[in-house]
1. Across region 30-50, what is the total count of residues that are of a type outside the set (A, V, I, L, M, F, W, C) and under 20 Å from residue 129 (Cβ atoms)?
2. Filter region 72-89 for residues that are touching a residue at least 24 places away in the same chain (Cβ under 8 Å), loosely packed, with under 13 Cβ neighbours inside 10 Å and not aliphatic (A, V, I, L, M) and give the result.
3. For residue 66, which of the numbered conditions (1) surrounded by 14 or more Cβ atoms within 10 Å (Cβ to Cβ); (2) within 30 Å of residue 5 (Cβ to Cβ); (3) in contact (Cβ under 8 Å) with a residue 40 or more places away in the chain fails to hold?
4. In this structure, does residue 31 turn out to be over 18 Å from residue 147 (Cβ atoms) and of a type in the set (Phe, Trp, Tyr)?
5. How about region 6-23: which of its residues are out of contact with any Ser or Thr (no Cβ under 9 Å at 6 or more places or on another chain) and within 19 Å of residue 102 (Cα to Cα)?
6. State yes or no: is residue 4 within 17 Å of the chain's Cα centre (by Cα), at pLDDT below 95 and not small (Gly, Ala, Ser)?
7. Given the conditions (1) surrounded by fewer than 16 Cβ atoms within 10 Å (Cβ to Cβ); (2) at pLDDT 95 or above; (3) under 30 Å from residue 1 (Cβ atoms), and given that residue 129 satisfies all but one, which numbered condition is not satisfied?
Amino acid sequence: MTKPSDLPSLVGQEVGLSRWITIDQARIDAFARITEDEQFIHVDPERAKSTPFGGTIAHGFLTLSLASAMSYDAVAPLDGVVMGVNYGFDKLRFLAPVPAGSNIRGRFTLLSAEDKGGGRWLLKHELTVEIEGADKPALIAEWLSMQMVNV
């Protein structure tokens with residue numbers, strides 16, 4: 001656990017690295033069904049072979065949707081945390097496709113920590129989602145969360 005008073009000293013530092021998560025075709029297909037985005041580049045391996053990707057790829061939003069799981073895995077919770085809520089993104093860029101069968105993980109760097117009073121901390125993390133064996137990350141985001149701690 002991290003003490004809220006220690007947050008300012010962590011700004012600019014890497015604060016977590018998640019486990020690898022496999023993005024297999026079954027996960028991509030399930031995401032396609034639930035979001036009603038069944039574009040062939042995601043769900044039709046034969047047809048997707050003829051694209052520049054050479055096969056199916058994960059939805060960018062599927063990759064992004066795993067950010068919470070990566071964060072729970074990688075970033076130590078604040079001491080006395082009651083809850084945290086997603087506060088949005090200042091920046092989000094999808095940089096490289098995630099081929100079906102790939103492994104991804106999240107790397108977190110604390111960019112800022114604002115004490116908003118009343119036990120509320122606004123945190124901004126840079127999230128880089130890496131693709132195992134790839135030169136470019138799948139995405140980079142500046143992710144905001146509001147953490148509420150007991151005061």
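The values are calculated or read from the model by the stated rules, or taken from the named source; none is laboratory data. Predicted model only: the values in this text are computed from it and were never measured. With ideal geometry, Cβ positions are generated from the backbone for all residues, glycine too; neighbour counts draw on all protein chains shown.
1. Just the residues of region 30-50 that are of a type outside the set (A, V, I, L, M, F, W, C), to begin with: 33, 35-39, 42, 44-47, 49-50.
From what is left, the residues that are under 20 Å from residue 129 (Cβ atoms) are 35, 37, 42.
Counting residues in region 30-50 that are of a type outside the set (A, V, I, L, M, F, W, C) and under 20 Å from residue 129 (Cβ atoms) gives 3.
2. Start the filter on region 72-89 by keeping residues that are touching a residue at least 24 places away in the same chain (Cβ under 8 Å), which leaves 73-89.
Checking which are loosely packed, with under 13 Cβ neighbours inside 10 Å leaves us with 76, 82-83, 85-86, 88.
Once the filter is applied, which keeps residues that are touching a residue at least 24 places away in the same chain (Cβ under 8 Å), loosely packed, with under 13 Cβ neighbours inside 10 Å and not aliphatic (A, V, I, L, M), region 72-89 yields 86, 88.
3. Of (1) surrounded by 14 or more Cβ atoms within 10 Å (Cβ to Cβ); (2) within 30 Å of residue 5 (Cβ to Cβ); (3) in contact (Cβ under 8 Å) with a residue 40 or more places away in the chain, only one is false for residue 66: (2).
4. Working: over 18 Å from residue 147 (Cβ atoms): yes; of a type in the set (Phe, Trp, Tyr): yes.
It is true that residue 31 is over 18 Å from residue 147 (Cβ atoms) and of a type in the set (Phe, Trp, Tyr).
5. Once the filter is applied, which keeps residues that are out of contact with any Ser or Thr (no Cβ under 9 Å at 6 or more places or on another chain) and within 19 Å of residue 102 (Cα to Cα), region 6-23 yields 17, 19, 20, 21.
6. Working: within 17 Å of the chain's Cα centre (by Cα): no; at pLDDT below 95: yes; not small (Gly, Ala, Ser): yes.
No: the conditions fail for residue 4.
7. For residue 129, the exception is condition (1).
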